[in-house]
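K.L.:
Dropping a structure here in structure tokens format, bear with me for questions.
What follows draws every value from the coordinates through simple rules; no lab data is involved. These numbers come from a predicted model, not from an experiment. We place every Cβ from the backbone using ideal geometry, glycine too, and count neighbours over all the protein chains shown.
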Amino acid sequence: MRKGLMILAVLLFVFTVLQFWKPKEIQYSSPAKNLTNVPSEVNTILRNSCFDCHSNSVNLAWFDKITPANFIVDSHIKDGRKALNFSNWDTLDKQKQSAVMFYSFNKILLGEMPLLSYTALHPSAKLDSRSITVLKNYVKTLAARKTNPEVSSVSISKADAVHHPDKKITDYKKVKPSLNKISYIPDFRSWKAISTTDRFDNGSMRIIYGNKTAVKAIAEHQTNPWPDGAIFAKTAWKQKTEADGSVSPGEFIQVEFMIKDSKKYESSKGWGWARWKGKDLKPYGDSVSFDQECISCHSPVKNNDYVFTSPLHLDINKFNIYSKNQ
């Protein structure tokens, strides 16, 4: 009994001493205004479920302030603000605000947000089905085009036949490599289209192509992780809405590549990232570290080998293609 009390006393002493060890103070409680031009109900949902980590307005529970929990909370807040800080909402233009909402809602649908570790201790932050419906209906109002669910579609067959982004280019050797030394791959035009995505928030569409290694991995359900040698090319066009409501590629925006090589690209999560913009295929980025932006964007799907595109099935013989919006 006495030994047990001594152990308890030592633990209590250590716990008390630990309380003097706290993370460096950050801005916890600067009031955050409601988001401009956002419905009050949507503001309420975001404040309740997102603002504690994604704004400068934080309401800490008593147990959030106890060491070592406060270090975990501090890390989550810093990471959350780095990814998205709603306190900076008014500094964004309207298109960027719409993109932020679209991105945030997709993270919710992916189950990435709010963090399960957070809602486990803060159950009031959980999003119920009604709240998700409210957010979904709001995001729909931000669409650059209004869809007709009966006839609106993005056709992969049309995409395969559409003009290619580099039709102005006659000598691919003149296309400069990306800043991280990845060369442009013109042969992607002969690859198979494996998925499409409809970015209705900014009026663009994407067609994702996979090389033979990627197609084989999909057919054999070996996509997590993807095998070395798999390459994706994601092309983006502005959407052109036809008279019947169907959607086809319009003006070319960019093409970007993900190249899997777990050893060569170990420092960038096993993938080589590269992007070329415009019909003149100008390499994207201001410095060699531009790929950190790509990694950050794909971090929500790190458990899927950092790949958003996940075809449900691809028959390697018939090339039956199923697409999934990212």
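K.L.:
Are there any pairs, at least 6 apart or on different chains, whose C-beta atoms fall under 6 Å, with the first in segment 108-134 and in a loop (DSSP other than H, G, I, E, B) and the second not small (Gly, Ala, Ser), and if so, which?
P.N.:
Final answer for the pair search is Leu110/Pro300; Glu112/Pro300; Met113/Lys107; Lys126/Thr119.
K.L.:
While we're here: Give all pairs with beta carbons closer than 6 Å in which a residue from segment 283-296 that is within 22 Å of Lys173 (Cα to Cα) and in contact (Cβ under 8 Å) with a residue 12 or more places away in the chain meets a residue that is among the basic types (Lys, Arg) and exposed (fewer than 14 other Cβ atoms within 10 Å of the Cβ); count only pairs at least 6 apart in sequence or on separate chains.
P.N.:
From segment 283-296, the pairs are Pro283/Lys176.
K.L.:
State which residue is nearest to Leu121 (Cα to Cα) when the search covers only segment 60-76 and only residues that are of a type in the set (Gly, Ala, Ser) and without any contact (Cβ under 8 Å) to a residue 60 or more places away in the chain. Quick ask: steps written out before the conclusion?
P.N.:
Within segment 60-76, the first condition is being of a type in the set (Gly, Ala, Ser), and the residues that meet it are 61, 69, 75.
Filter again for without any contact (Cβ under 8 Å) to a residue 60 or more places away in the chain, leaving 69, 75.
Values: Ala69: 11, Ser75: 16 Å.
Residue satisfying both the conditions and the ranking: Ala69.
K.L.:
Hey, among the residues in segment 37-60 that are in a helix (DSSP H, G or I) and touching a strand residue (DSSP E or B) at 6+ places or on another chain (Cβ under 9 Å), which one's surrounded by the most Cβ atoms within 10 Å (Cβ to Cβ)?
P.N.:
If we filter segment 37-60 for residues that are in a helix (DSSP H, G or I), which is where we start, we get 40-49, 51-54.
Remaining after also requiring touching a strand residue (DSSP E or B) at 6+ places or on another chain (Cβ under 9 Å): 47, 51.
On the way: Arg47: 17, Phe51: 21.
Among them, the one singled out is Phe51.
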